[in-house]
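One structure is given below, encoded as structure tokens.
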Amino acid sequence: MKQIILVLATAIYLLSCQNQPVAKWETLEFILGKRQLTTLNLGDSAHGHGDGRAWKATLSDTLGNIVGNAFGWTVTIDIMDGDSANPKYITERTALSILNFGDENEIVIQGIYGEHHGEQRISLALDPIVGGTGKYKGAEGEMKVVRKADSTIAVLLNTKTVD
């Protein structure tokens, strides 16, 4: 009996020592084309609570070649601060963005940002990469959106993917 347990323990140990996929960090940069926006007034028109905004844009590499498209959805959330006699509203937006490179290769990003960040969240927020598909399966990391000197909008991804 002891020999069987020893053989099984050895087999389990050897199987656990197999090479695991190696994850590597890389920085990716893309240029976001002009966004097409659709706004849906789903809430209180005075403050925008519940409003949704869908958007889409082309995604190019730094040489100007279109490599995919980006699209997403935001929802406005107004939080009342103070009392009802003198309300002050704080606006937050939740966002879901997808970068689609074709052939089921996608990166999914989620985030939340306030009105002080502006609609484009330029240079102020980092959004988490929550996953991906295809060659980006298991992706994690952060996305940052920056406005370049020539007024183009760059999407910078610091991501880790599994080989």
Name the single residue that is nearest to ILE112 (Cα to Cα) among those in segment 127-163 being assigned to a strand (DSSP E or B), in contact with a Pro (Cβ under 9 Å, 6 or more places away or on another chain) and among the acidic types (Asp, Glu). GLU142
Selection from segment 129-155 of residues under 12 Å from the mean Cα position of the chain (by Cα) and surrounded by fewer than 16 Cβ atoms within 10 Å (Cβ to Cβ) yields VAL130, GLY131, GLU142
Of residues in segment 30-51 being surrounded by 14 or more Cβ atoms within 10 Å (Cβ to Cβ) and modelled with pLDDT of 80 or more, the one farthest from VAL145 (Cα to Cα): ASP51
Cβ-Cβ distance below 7 Å, separation of 6 or more or different chains: which pairs start in segment 88-106 with a residue that is surrounded by 19 or more Cβ atoms within 10 Å (Cβ to Cβ) and end on one that is not in a strand (DSSP E or B)? GLU106/GLY134; GLU106/TYR136
In the list ASP78, ASP83, which residue meets the criterion of being outside any strand (DSSP E or B), modelled with pLDDT under 85 and among the charged types (D, E, K, R)? ASP83
Consider only pairs whose beta carbons are under 6 Å apart and that are at least six residues apart or on different chains; among these, list those whose first residue lies in segment 147-159 and is closer than 10 Å to GLU29 by Cβ and whose second residue is among the charged types (D, E, K, R) and modelled with pLDDT under 85. ALA154/LYS148
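The values are calculated or read from the model by the stated rules, or taken from the named source; none is laboratory data. Since the structure is predicted, the reported quantities are computational estimates derived from the model, not experimental observations. Quick reminder, even Gly has a Cβ in these numbers, built from the backbone with ideal geometry, and neighbours come from all protein chains shown.
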